[in-house]
Amino acid sequence: MKKYRIGLLTLSLATFAFAKSGRPATEDRLHAAGTSLNEIMAAPDKGIPEEVLTGAKCVAVIPHMGKGGFIVGGEHGRGVVTCRTKTGWSAPAFISIGGGNFGFQAGAQEVDLVVLFMNDAGVKKLLSSKFELSGEASAAAGPVGRHASAGTDWKMNTEALSYSRSKGLFAGVAVDGAVIQQDNDSTKAFYGKNVSFDKTLSGNVHAPSGTDSFLAAVRAAEHKAAAHEAAEAK
């Protein structure tokens with residue numbers, strides 16, 4: 001009887017864990033990613049520079065990194081990413097990021113991480129479905145403010161730029177040695193099957209309901225940045 005109860009408890013916990021990682025959890029993650037991006041762009045003087053955002057080829061957001069048991073033997077988080085296509089932003093793909101070194105604020109318990117992939121080389125590595133941010137492929141700390149400093153080389157040389165927000169503070173943050181890869185469990189939970197990174201981020205997958213808030217936030221951020229650029233160019 002005791003063994004039976006232990007087995008039943010184990011099964012119940014497994015069922016609970018699966019439910020927490022199912023469709024509702026993935027929709028919550030998409031909504032949280034959109035909210036984080038909206039809040040960051042609400043203060044452009046301290047946020048992502050307009051030129052950087054309008055030049056980004058892919059936008060990844062890992063909301064609440066370090067919350068809800070995501071820290072396991074080091075930094076680890078789950079998020080979503082979308083890429084530019086000929087018809088607009090792609091359906092979001094689910095990602096996990098872990099390992100490596102993150103220049104987060106000391107003692108931060110919860111961090112929103114944004115990674116922008118800036119050139120074709122960075123996108124190609126992302127589409128390989130396992131991108132290690134190391135050496136030349138490290139995610140450099142992105143410039144902060146309405147405009148990027150003229151002295152930065154982000155346009156030519158940087159594959160990825162990264163930012164973090166913690167305790168109300170927003171800053172560029174260096175990421176080195178971390179691995180970004182497809183979150184297969186979340187992909188299956190949301191799309192009903194394991195859709196590849198390449199197919200999703202190339203625009204060959206329809207964005208289903210539940211993606212609206214995140215994609216709307218990306219479009220709004222891009223539109224706001226482009227509008228400011230156009231107004232100041234006059």
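Coordinate-derived values only; no laboratory data. Remember, predicted model here, so these are calculated numbers, not experimental data. No Cβ is skipped: glycine too gets one built from the backbone with ideal geometry, and neighbour counts run over all protein chains shown.
Descriptive notes on the structure:
- R0 of 35 Å, Cβ-Cβ distance LEU169-THR85: FRET efficiency to nearest 0.05: 0.55
- Protection proxy ranking, peptides 170-179, 48-57, average beta carbon neighbours within 10 Å, highest first: 48-57, 170-179
- Cross-link pairs exceeding 23 Å between alpha carbons, from the set LYS86/LYS188; LYS188/LYS224; LYS57/LYS86; LYS46/LYS130; LYS57/LYS224: LYS86/LYS188; LYS188/LYS224; LYS46/LYS130.
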